[in-house]
Each structure stands twice: as structure tokens, then as C-alpha cells.
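*Asks:* Structure incoming, see below.
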């Protein structure tokens with residue numbers, strides 16, 4: 001399956017923007033990132049592991065129904081996901 005990484009990266013950035021403004025639920029964000037990572041060609045396993053660690057607080061928020069808790073800040077998670085996305089995109093461009 002061929003994936004247009006530029007479009008995927010753009011969509012995922014838009015997904016994070018929507019989460020930040022509250023117009024998208026955390027479960028949708030998690031699903032979009034997980035689907036994209038599965039379709040991402042040659043994504044190293046360590047990137048998948050880091051992504052799962054970054055998504056864990058959102059998963060917990062879904063389970064508990066709390067947008068933020070003392071365990072994490074949504075803005076910190078969003079920043080981490082943006083950084084992950086930028087690194088993954090840069091890695092892919094080098095290959």
C-alpha cells in the first residue's frame with residue numbers, strides 16, 4: 001500500500017490542532033496516529049514504541065473521562081506528538 005507521507009503529516013498536524021482547540025476527541029486522535037503509523041513505510045519500531053508512550057495519557061483520559069489530570073498536561077502531550085511527527089517525517093525523507 002502506498003501512503004502519501006506529506007498528506008499524512010499534514011492531516012496529523014491538523015488533527016493535533018483540532019485536539020488543541022477541543023474540536024476533536026482524544027480517541028479520534030489516538031486512532032488517527034495509530035492507523036498512520038501502521039501504514040507508514042519503514043517506520044522503525046522504536047518510533048512505534050515512542051508513539052504508544054505518547055498516546056498513553058490520551059488513552060487514560062478516554063478511560064477516565066478527564067481531559068487533563070495531574071498525571072499529564074494535554075499541551076505537553078500535543079507538543080510531544082508534534083515533535084514525534086516532525087522527527088518521523090524527517091527520518092522518512094532521508095530514506
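The values are calculated or read from the model by the stated rules, or taken from the named source; none is laboratory data. These numbers come from a predicted model, not from an experiment. No Cβ is skipped: glycine too gets one built from the backbone with ideal geometry, and neighbour counts run over all protein chains shown.
*Asks:* Could you pull out the residue among 27, 42 that is assigned to a loop (DSSP other than H, G, I, E, B) and touching a helix residue (DSSP H, G or I) at 6+ places or on another chain (Cβ under 9 Å)? First the steps, then the outcome.
*Replies:* Numbers: 27 fails: assigned to a loop (DSSP other than H, G, I, E, B).
42 is the lone residue from the list that is assigned to a loop (DSSP other than H, G, I, E, B) and touching a helix residue (DSSP H, G or I) at 6+ places or on another chain (Cβ under 9 Å).
*Asks:* Follow-up. Going by the structure shown, is residue 34 under 24 Å from residue 61 (Cβ atoms) and either over 13 Å from the mean Cα position of the chain (by Cα) or at pLDDT 95 or above (or both)?
*Replies:* On the way: under 24 Å from residue 61 (Cβ atoms): yes; either over 13 Å from the mean Cα position of the chain (by Cα) or at pLDDT 95 or above (or both): yes.
The answer is yes for residue 34.
*Asks:* Scan region 37-54 for residues that are surrounded by fewer than 13 Cβ atoms within 10 Å (Cβ to Cβ) and at pLDDT 95 or above and jot them down.
*Replies:* Those that are surrounded by fewer than 13 Cβ atoms within 10 Å (Cβ to Cβ) and at pLDDT 95 or above: 46, 49, 53.
*Asks:* Considering only region 63-73, I want to know if a residue exists there that is without any contact (Cβ under 8 Å) to a residue 60 or more places away in the chain, touching a helix residue (DSSP H, G or I) at 6+ places or on another chain (Cβ under 8 Å) and under 22 Å from residue 4 (Cβ atoms).
*Replies:* no
*Asks:* Go through region 1-24 residue by residue and tally those that are at pLDDT 90 or above and either assigned to a helix (DSSP H, G or I) or touching a helix residue (DSSP H, G or I) at 6+ places or on another chain (Cβ under 8 Å) (or both).
*Replies:* Step one: list which residues in region 1-24 are at pLDDT 90 or above, which gives 7-24.
With the extra rule that they be either assigned to a helix (DSSP H, G or I) or touching a helix residue (DSSP H, G or I) at 6+ places or on another chain (Cβ under 8 Å) (or both), the set shrinks to 7-21, 24.
Residues that pass the stated criteria total 16.
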